[in-house]
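Engineer: Starting off with a structure, shown below.
The values are calculated or read from the model by the stated rules, or taken from the named source; none is laboratory data. Not measured: the values here are computed from a predicted model. We place every Cβ from the backbone using ideal geometry, glycine too, and count neighbours over all the protein chains shown.
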Amino acid sequence: MPHEIPAPKYTAQEAFERLLTVMNTLRTDCPWDRKQTMQTLRHLTIEEMYELADAILENDTEEIKKELGDLMMHLVFYAKIASEEKAFDIVDVLNTVCDKLINRHPHIYAEVQVNDAEDVKSNWEQLKLKEGNTSVLAGVPKSLPALVKAYRIQDKVRGVGFDWEDTKQVWDKVEEELAEFKAEFNIEKSEALNAEKAEQEFGDLLFSLINYARHIGINPESALEKTNKKFIRRFMYLEQKAKENHKNLQDMTLQEMDVLWTQAKHSE
């Protein structure tokens, strides 16, 4: 017999309890949900995170709402599996994060004084070290994409004062790294003189550019993804126009494609 679906009018507490009830039912009655483990859910959760990130970049509030719901379901799912294994349950999860937030905001829940958001970040990192972290960088996930990881590394060490004093110094570092990269790469012949060293210098250049972006308030991951989306949008315009002209891109010259590319730019 189908399970009853209550009318959608709830308080925040009732809505959360409803999700827990639905999760319990699915875990019991649905063959797919029943067979899942933390390991099988992991890649799906990563996918949901990227879908949420896409929705945020697109500023699509309706899609953000849906993706937050999907992610919330995953969090509850993990807690359900853990409770079956007698490891912890959703109450433990919620209390743990509440305790952490209270302990790391002594300017709210204790007598510590702060002047601005930078003081809060600095206190946060110091408190993490007192809690047993062996390094300020211990909390940076190893599996983060390299660009995001670089940004987080720089932001983390900034919290303990390891940072350039002004933006000009950061740009000077970018120019220094660019010069070192160019010295390892023959620009005219477009071939690496020492591929391994050139790769290292290129990595240093990217790291310094990410640092500069952080200093001027640009999130490099968001900036690059917006550029990716812009390129895709323009290239698809190029493909569509070529199709309308009964041409294949493979048969067109670069100059012909460049004309359509310019049209794509102007159309925006």
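Engineer: Please go through segment 24-52 and give me each residue that is more than 16 Å from Ala82 (Cα to Cα) and touching a residue at least 40 places away in the same chain (Cβ under 8 Å), ordered by number.
Structural biologist: Correct list: empty.
Engineer: For a quick check of your reading of the model, give me the residue pairs whose first member lies in segment 202-216 and is in contact (Cβ under 8 Å) with a residue 12 or more places away in the chain, whose second is among the basic types (Lys, Arg) and assigned to a helix (DSSP H, G or I), with beta-carbon atoms closer than 7 Å and at least 6 apart or on different chains.
Structural biologist: Cβ pairs passing all conditions: Ser208/Lys173.
Engineer: Still on this structure, please answer the following. Is it fair to say Asn103 is at pLDDT below 95 and loosely packed, with under 11 Cβ neighbours inside 10 Å?
Structural biologist: no
Engineer: Taking Lys247 and the conditions (1) surrounded by 13 or more Cβ atoms within 10 Å (Cβ to Cβ); (2) within 30 Å of Val174 (Cβ to Cβ); (3) basic (Lys, Arg), which numbered condition does it fall short on, given that it satisfies the others?
Structural biologist: Only one criterion is unmet by Lys247, namely (2).
Engineer: Let me ask something else about it. With respect to Ala79, determine if the residue is at pLDDT 95 or above, surrounded by 14 or more Cβ atoms within 10 Å (Cβ to Cβ), assigned to a helix (DSSP H, G or I) and among the small types (Gly, Ala, Ser).
Structural biologist: Taking the combined requirement at face value, the residue satisfies it.
Engineer: Gly203 fails exactly one of the following numbered conditions: (1) within 22 Å of Ile56 (Cα to Cα); (2) surrounded by 13 or more Cβ atoms within 10 Å (Cβ to Cβ); (3) of a type in the set (Gly, Ala, Ser). What is the number of that condition?
Structural biologist: Every listed condition holds for Gly203 apart from (1).
Engineer: Out of segment 221-244, which residues are surrounded by 11 or more Cβ atoms within 10 Å (Cβ to Cβ), more than 26 Å from Phe207 (Cβ to Cβ) and either touching a residue at least 40 places away in the same chain (Cβ under 8 Å) or not hydroxyl-bearing (Ser, Thr, Tyr) (or both)?
Structural biologist: Hits for segment 221-244 are Arg233, Arg234, Phe235, Met236, Leu238, Glu239, Gln240, Lys241, Ala242, Lys243.
Engineer: Of all residues in segment 127-168, which are of a type outside the set (A, V, I, L, M), touching a helix residue (DSSP H, G or I) at 6+ places or on another chain (Cβ under 9 Å) and assigned to a helix (DSSP H, G or I)?
Structural biologist: Of everything in segment 127-168, those that are of a type outside the set (A, V, I, L, M), touching a helix residue (DSSP H, G or I) at 6+ places or on another chain (Cβ under 9 Å) and assigned to a helix (DSSP H, G or I) turn out to be Lys128, Gly139, Tyr151, Arg152, Gln154, Asp155, Lys156, Arg158, Thr167.
Engineer: Related question: Quick one: how many residues across segment 45-65 are hydroxyl-bearing (Ser, Thr, Tyr) and over 26 Å from Ala79 (Cα atoms)?
Structural biologist: Number satisfying all stated conditions: 1.
Engineer: Give the residues of segment 142-166 that are in contact (Cβ under 8 Å) with a residue 24 or more places away in the chain and either surrounded by 13 or more Cβ atoms within 10 Å (Cβ to Cβ) or polar (S, T, N, Q) (or both), sorted by residue number.
Structural biologist: If the condition is that a residue be in contact (Cβ under 8 Å) with a residue 24 or more places away in the chain and either surrounded by 13 or more Cβ atoms within 10 Å (Cβ to Cβ) or polar (S, T, N, Q) (or both), then Leu147, Val148, Ala150, Tyr151, Gln154, Asp155, Lys156, Arg158, Gly159, Val160, Trp164 are the ones that fit.
Engineer: Something else now. Taking Ala55 and the conditions (1) over 28 Å from Lys128 (Cα atoms); (2) loosely packed, with under 15 Cβ neighbours inside 10 Å; (3) modelled with pLDDT under 95; (4) not β-branched (Val, Ile, Thr), which numbered condition does it fall short on, given that it satisfies the others?
Structural biologist: (2)
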